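Colleague: Quick one: this structure, given as structure tokens, is what I'll be asking you about.
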Amino acid sequence: MIALHPEETTDKHDKYLIAEFEKLDAQSQGILDVANFKTCLIKANLNLNLNEVVRIARYIEKTSKGQIDYCKFSKKVKNNFKSSLTF
């Protein structure tokens, strides 16, 4: 299937990824520990290998408790994808 509007594809992936994050966010706070964050990235079928998942988790901005704000992460990914589409 060819996406007529690439942002539609990113919106679908974004919603799916957020849904996966929310499944593991027991307190519904919008944050995950690093292990659960990596699990979500792997389950999301983003064509990332394990080394890439580990690198993302290592270098992404974390809270003072070492947790990852997955909504912030999702927005950054979406914004970076949109900016990469501009010529």
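The values are calculated or read from the model by the stated rules, or taken from the named source; none is laboratory data. From a predicted model like this one, the values you see are computed outputs, not experimental measurements. Using ideal geometry, Cβ is built from the backbone for each residue, glycine included, and neighbour counts are taken over all protein chains shown.
Colleague: For region 26-36, state whether one or more residues are of a type outside the set (A, V, I, L, M), part of a helix (DSSP H, G or I) and under 20 Å from Lys78 (Cβ atoms).
Modeller: No, region 26-36 contains no residue that is of a type outside the set (A, V, I, L, M), part of a helix (DSSP H, G or I) and under 20 Å from Lys78 (Cβ atoms).
Colleague: Based on this model, can you work out whether Phe37 counts as under 15 Å from the mean Cα position of the chain (by Cα) and modelled with pLDDT under 80?
Modeller: No, not satisfied.
Colleague: Considering only region 58-87, how many residues are modelled with pLDDT under 90, surrounded by 15 or more Cβ atoms within 10 Å (Cβ to Cβ) and of a type outside the set (Phe, Trp, Tyr)?
Modeller: 3
Colleague: What pairs come out if I take residues in region 34-57 that are under 16 Å from Lys15 (Cα atoms) and surrounded by 12 or more Cβ atoms within 10 Å (Cβ to Cβ) and pair them with residues that are polar (S, T, N, Q) and modelled with pLDDT of 90 or more whose C-beta lies under 9 Å away, six or more apart or interchain?
Modeller: Pairs that qualify, where the first residue is under 16 Å from Lys15 (Cα atoms) and surrounded by 12 or more Cβ atoms within 10 Å (Cβ to Cβ) and the partner is polar (S, T, N, Q) and modelled with pLDDT of 90 or more, are Phe37/Gln67.
Colleague: Six or more apart or on different chains, Cβ atoms under 7 Å: show the pairs whose first residue is in region 58-70 and on the phi > 0 side of the Ramachandran plot and whose second is part of a helix (DSSP H, G or I) and of a type in the set (Val, Ile, Thr).
Modeller: Gly66/Val34
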